[in-house]
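Visitor: Take this structure first; my questions come after.
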Amino acid sequence: MSEYIHPCTTADAYYVASNLRDPDFRECTEGYGLEPTQFIPFIAKRGRTIIFKSPDGRIAGIAGVSPEKQIWMLCTPVIEEFKHKFVREAKQWIDSLNEPFLYNVVDARNTTHIKMIKWLGFTFGKDIEYGPNKLTFKEFYRVLTSPWDGGFHWRGSSGSGRTEPVRASSS
């Protein structure tokens with residue numbers, strides 16, 4: 001694993017929850033109706049959760065995959081200083097997951113995350129009303145296939161924001 005990606009501790013989750021970027025804070029509170037300092041440490045205990053550190057050692061974000069295969073990420077303002085490094089590390093981590101299907105929704109107002117989700121090769125579905133305030137969220141997903149040698153391959157994850165599933169042949 002990368003020197004910038006680390007397993008998440010409860011203290012790390014609480015730190016991120018207490019230092020969220022404004023759009024991420026709004027997504028938690030207005031979109032989900034949840035208090036970040038209670039919600040983030042709770043979800044960090046479910047599934048696989050990691051933190052991203054900046055080159056200078058500060059926590060830039062937290063991400064995870066739930067047992068239901070929902071992928072999620074929340075960030076601190078540190079990502080603004082290291083955008084390219086953060087996105088490259090996020091892509092490396094996602095590509096290492098080998099999950100056949102990942103999905104979630106994102107607050108339509110969170111334009112930084114929408115750009116990142118596109119760059120990471122996810123496909124966007126429809127816009128939906130979500131949460132207690134009925135805000136617009138965007139569905140997104142990514143499909144893995146194994147058409148040739150039993151290994152998993154992403155199709156179309158070049159950063160274009162579009163994926164193209166490859167169907168395994170029956171021959």
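The values are calculated or read from the model by the stated rules, or taken from the named source; none is laboratory data. These numbers come from a predicted model, not from an experiment. These area figures cover heavy atoms from the full protein model, side chains too; ligands, DNA and RNA do not enter into them. Shrake-Rupley method; radii C 1.70, N 1.55, O 1.52, S 1.80 Å.
Visitor: With viscosity set to 1.306 mPa s at 10 °C, what whole-number translational diffusion coefficient in µm²/s follows for the range 82-131 from Stokes-Einstein and a Kirkwood radius over Cα pairs?
Guide: 130
Visitor: Could you state how much accessible area Val143 has, in square angstrom rounded to the nearest 10, with a 1.4 Å probe and all protein chains kept in place?
Guide: The accessible area of Val143 comes to roughly 40 Å².
Visitor: If you don't mind, another one. What number, in nm² with one decimal, is the all-direction average of the projected area of the convex hull of the alpha-carbon atoms of the range 1-135? Numbers along the way, then the final one.
Guide: Working: hull surface 30.1 nm².
Mean orientational projected area (the range 1-135, Cα hull): 7.5 nm².
Visitor: Take the alpha-carbon centre of the range 98-125, take the same for the range 1-31, and report the distance between them in whole Å.
Guide: Spelled out, the Cα-based centre of one part sits 17 Å from the other.
Visitor: Sticking with this structure for a sec: Could you sort out which of Lys83/Lys138; Lys69/Lys91; Lys53/Lys126; Lys85/Lys118 sit more than 26 Å apart by Cα distance in this structure?
Guide: Lys53/Lys126
Visitor: Lys91: accessible area at probe 1.4 Å, nearest 10 Å²?
Guide: Surface open to solvent at Lys91 totals about 40 Å².
Visitor: So for the range 64-147, averaging the separation of alpha carbon pairs under 8 Å that are six or more residues apart and normalising by length, what relative contact order in percent results?
Guide: Relative contact order for the range 64-147 comes out at 29 percent.
Visitor: Round to the nearest 10 and report in Å² the accessible area of His113, as given by a 1.4 Å probe over the protein chains' heavy atoms.
Guide: Only protein atoms counted, so the area is about 10 Å².
Visitor: Still on this structure: With a 1.4 Å probe and all protein chains kept in place, how do Asp56, Asp107 rank by accessible area, largest first?
Guide: Asp56, Asp107
Visitor: For the range 11-120, with all protein chains present and a 1.4 Å probe, just round the carbon and sulfur fraction of the accessible area to a whole percent.
Guide: Here carbon and sulfur together make up 55 percent of the probe-accessible area.
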